[in-house]
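J.: Have a look at this one.
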Amino acid sequence: MKLFIDTANLKEIKEAQALGVLDGVTTNPSLMAKEGINGKDNILKHYVDICDMVDGDVSAEVISTSFDEMIKEGEELAALHPQIVVKLPMIGDGIKACKYFSDNGIKTNVTLVFSAGQALLAAKAGATYVSPFLGRLDDIATDGLHLISEMRLIYDNYGFKTQILSASVRHTMHVVNCAKLGSDVMTGPLSSIVGLLKHPLTDSGLAKFLEDAKSFNL
Ligand code: E4P
């Protein structure tokens, strides 16, 4: 499973990249706003800065909602860097735009997916990635992980090449469960990635090994 970081914070992206296991980045307008980035030129530059820091795909989300505007905005984003993936909302015009970009060789990520039916439509429109929002489903007392298993079944039934990009991941067990269910990618905060490192038996075991190694007198 590919590990993407879900942030627009360059320091966090750098830290995840330094681990050597990062496969890409997802952003959204809320994450960009959180970093205080504003003005079109600054926003576009920020996407390029992120692409220059990592090896994999970087999702940049359109903020228009009509087909024509999404095409214009998406083409401008895609032209920024070969790693850019155009992120489109799961609405009718977003699906039309997804089909257009897919037919024209531009990578897409259909976002704000909350049902298997939506995921089926996005795959039929040729989406490169589809982002089911696990955490937000869990937030309303629904089983977010169940959606991942439904999507895996449907995509495998018909051989869709669309990758399941499990999003709105909040913690390490979401990551592990996404992997168990066959998600192609997960995107989460830095804490959900570095948290995977931790186990108290690793720490106590290492401390004992290092203590015992003192007898080597090197
Ligand atoms: C996905 O692409 C979104 O950016 C993100 O995962 C949303 O996560 P949240 O529900 O924690 O805001």
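J.: Within region 92-114, how many residues turn out to be among the polar types (S, T, N, Q) and either away from the ligand (no atom under 16 Å from the Cβ) or at pLDDT below 95 (or both)? Walk me through it before giving the result.
T.: To start, the set of residues in region 92-114 that are among the polar types (S, T, N, Q) comprises 102, 104, 108-109, 111.
From what is left, the residues that are either away from the ligand (no atom under 16 Å from the Cβ) or at pLDDT below 95 (or both) are 102, 104.
The number of residues fulfilling the criteria is 2.
So that you can scan it fast, the table gives a plain yes or no per residue for (1) closer than 28 Å to residue 190 by Cα; (2) buried (at least 16 other Cβ atoms within 10 Å of the Cβ):
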position: 104; (1), (2): no, no
position: 111; (1), (2): yes, yes
position: 124; (1), (2): no, no
position: 128; (1), (2): yes, yes
position: 151; (1), (2): yes, yes
position: 155; (1), (2): no, yes
position: 161; (1), (2): yes, no
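J.: Residue 65 - would you say it is β-branched (Val, Ile, Thr) and surrounded by fewer than 16 Cβ atoms within 10 Å (Cβ to Cβ)?
T.: Values: β-branched (Val, Ile, Thr): yes; surrounded by fewer than 16 Cβ atoms within 10 Å (Cβ to Cβ): yes.
Considered against the rule, which asks whether it is β-branched (Val, Ile, Thr) and surrounded by fewer than 16 Cβ atoms within 10 Å (Cβ to Cβ), residue 65 comes out as yes.
J.: Take the residues in region 163-182 that are part of a loop (DSSP other than H, G, I, E, B) and within 13 Å of the ligand (Cβ to nearest atom); name whichever of them is most open to solvent (accessible area, probe 1.4 Å). Before you say what the answer is, go through the steps one by one.
T.: Just the residues of region 163-182 that are part of a loop (DSSP other than H, G, I, E, B), to begin with: 168-171, 181-182.
Restricting the remaining residues to those that are within 13 Å of the ligand (Cβ to nearest atom) gives 168-171.
On the way: 168: 13, 169: 7, 170: 105, 171: 85 Å².
Within region 163-182, the match that is most open to solvent (accessible area, probe 1.4 Å) is 170.
J.: Among all residue pairs at least 6 apart or on different chains, which show Cβ distances below 6 Å where the first residue, located in region 188-203, is without any contact (Cβ under 8 Å) to a residue 40 or more places away in the chain and the second is within 13 Å of the ligand (Cβ to nearest atom)?
T.: Short answer, once both residue conditions are applied: 192/169; 192/171; 192/175.
J.: Part of a helix (DSSP H, G or I), hydrophobic (A, V, I, L, M, F, W, C) and within 16 Å of the ligand (Cβ to nearest atom): is that true of residue 88 in this structure? Walk me through it before giving the result.
T.: Details: part of a helix (DSSP H, G or I): no; hydrophobic (A, V, I, L, M, F, W, C): yes; within 16 Å of the ligand (Cβ to nearest atom): yes.
It is false that residue 88 is part of a helix (DSSP H, G or I), hydrophobic (A, V, I, L, M, F, W, C) and within 16 Å of the ligand (Cβ to nearest atom).
J.: Return the residue satisfying two criteria in turn: it lies in region 1-29 and is acidic (Asp, Glu) and open to solvent by less than 70 Å² (accessible area, probe 1.4 Å), and of such residues it is farthest from the chain's Cα centre (by Cα).
T.: First, the residues of region 1-29 that are acidic (Asp, Glu): 6, 12, 15, 23.
The next check asks that each one be open to solvent by less than 70 Å² (accessible area, probe 1.4 Å); those that pass are 6, 12, 23.
Details: 6: 6, 12: 14, 23: 9 Å.
In this case the residue turns out to be 12.
J.: Yes or no: region 122-135 includes at least one residue that is within 10 Å of the ligand (Cβ to nearest atom), at pLDDT 95 or above and assigned to a helix (DSSP H, G or I). Talk me through it step by step, then tell me what you get.
T.: Of the residues in region 122-135, the ones within 10 Å of the ligand (Cβ to nearest atom) are 129, 131-135.
Then keep just the ones that are at pLDDT 95 or above; that gives 129, 131-135.
Then keep just the ones that are assigned to a helix (DSSP H, G or I); that gives 134-135.
Taking every residue of region 122-135 in turn, at least one turns out to be within 10 Å of the ligand (Cβ to nearest atom), at pLDDT 95 or above and assigned to a helix (DSSP H, G or I).
J.: Would it be correct to say that residue 186 is open to solvent by 90 Å² or more (accessible area, probe 1.4 Å), within 19 Å of residue 16 (Cα to Cα) and among the aliphatic types (A, V, I, L, M)?
T.: Criteria not met by residue 186.
J.: Can I ask one more? Scanning for something modelled with pLDDT of 95 or more, under 27 Å from residue 154 (Cβ atoms) and not acidic (Asp, Glu), does region 32-55 turn up at least one residue?
T.: Scanning region 32-55, I find no residue that is modelled with pLDDT of 95 or more, under 27 Å from residue 154 (Cβ atoms) and not acidic (Asp, Glu), so the answer is no.
J.: Any chance region 20-33 includes a residue that's in contact with a helix residue (DSSP H, G or I) (Cβ under 8 Å, 6 or more places away or on another chain) and among the acidic types (Asp, Glu)? Give the derivation first.
T.: Here is the first cut: in region 20-33, the ones in contact with a helix residue (DSSP H, G or I) (Cβ under 8 Å, 6 or more places away or on another chain) are 21-22, 25, 27, 32.
Cutting the leftovers down to among the acidic types (Asp, Glu) gives us none.
No: zero hits.
J.: With open to solvent by less than 10 Å² (accessible area, probe 1.4 Å) and without any contact (Cβ under 8 Å) to a residue 40 or more places away in the chain as the only criterion, which of 74, 39 stands out?
T.: Details: 39 fails: open to solvent by less than 10 Å² (accessible area, probe 1.4 Å).
The unique qualifying residue is 74.
The values are calculated or read from the model by the stated rules, or taken from the named source; none is laboratory data. Everything numeric here is computed off the predicted structure, so don't read it as measured data. Cβ coordinates were reconstructed from backbone atoms using ideal geometry, including for glycine residues, and neighbour counts include every protein chain displayed. Each accessible area value is taken on the protein alone, full model and side chains, heavy atoms only, with ligands, DNA and RNA left out. Shrake-Rupley method; radii C 1.70, N 1.55, O 1.52, S 1.80 Å.
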